[in-house]
Amino acid sequence: QVQLVESGGGLVQAGGSLRLSCAASGLSFNRYYMGWFRQAPGKEREFVAVSIWSVSVSYADSVKGRFTISRDNAKNTVYLQMNSLKPEDTAVYYCAAGSRSGSYTHTQPYDYWGQGTQVTVSS
């Protein structure tokens, strides 16, 4: 049974930092690309960042230069370091694992999803 468990969310003031973690189990972690998405109330789920195996990373323009995705294949964990947080970063953050070809910035190619962790940035 595949599980993705996010942690590290919370309440932070604007300009602050948080580090999200996503621990995966039940899959061959290094064979999956790992993405982070977020969903704010009343909005669609949107792409944040992806670690494409251990080859490359990609970011949404809105977080580029502020967020960093990384992965530790030995620990089956992917991280999202979020710096210079803004109120507009407030959302539920989800990690996802995918193995199929497709656009990494869309939700469709991903096979598994975590339950999400809330990030709230106060102004």
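The values are calculated or read from the model by the stated rules, or taken from the named source; none is laboratory data. Bear in mind the structure is a predicted one, so any value in this text is a computation, not a measurement. Using ideal geometry, Cβ is built from the backbone for each residue, glycine included, and neighbour counts are taken over all protein chains shown. Accessible surface areas use protein heavy atoms only, side chains included; no ligands, DNA or RNA. Shrake-Rupley method; radii C 1.70, N 1.55, O 1.52, S 1.80 Å.
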What are the residue pairs meeting all of these: first residue in the stretch 63-79, first residue more than 20 Å from ALA91 (Cα to Cα), second residue open to solvent by 40 Å² or more (accessible area, probe 1.4 Å), Cβ atoms under 6 Å, and 6 or more apart or on different chains? ASN73/ASN30; THR77/ALA23
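Among the hydrophobic types (A, V, I, L, M, F, W, C) and surrounded by 18 or more Cβ atoms within 10 Å (Cβ to Cβ): does that describe LEU11?
Details: among the hydrophobic types (A, V, I, L, M, F, W, C): yes; surrounded by 18 or more Cβ atoms within 10 Å (Cβ to Cβ): no.
So LEU11 does not fit the description; no.
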In the stretch 51-66, is there at least one residue being closer than 14 Å to VAL119 by Cβ, within 11 Å of the chain's Cα centre (by Cα) and of a type outside the set (Ser, Thr, Tyr)? no
Residue count for the stretch 82-123, restricted to those that are touching a Phe, Trp or Tyr at 6+ places or on another chain (Cβ under 7 Å), modelled with pLDDT of 95 or more and aromatic (Phe, Trp, Tyr): 3
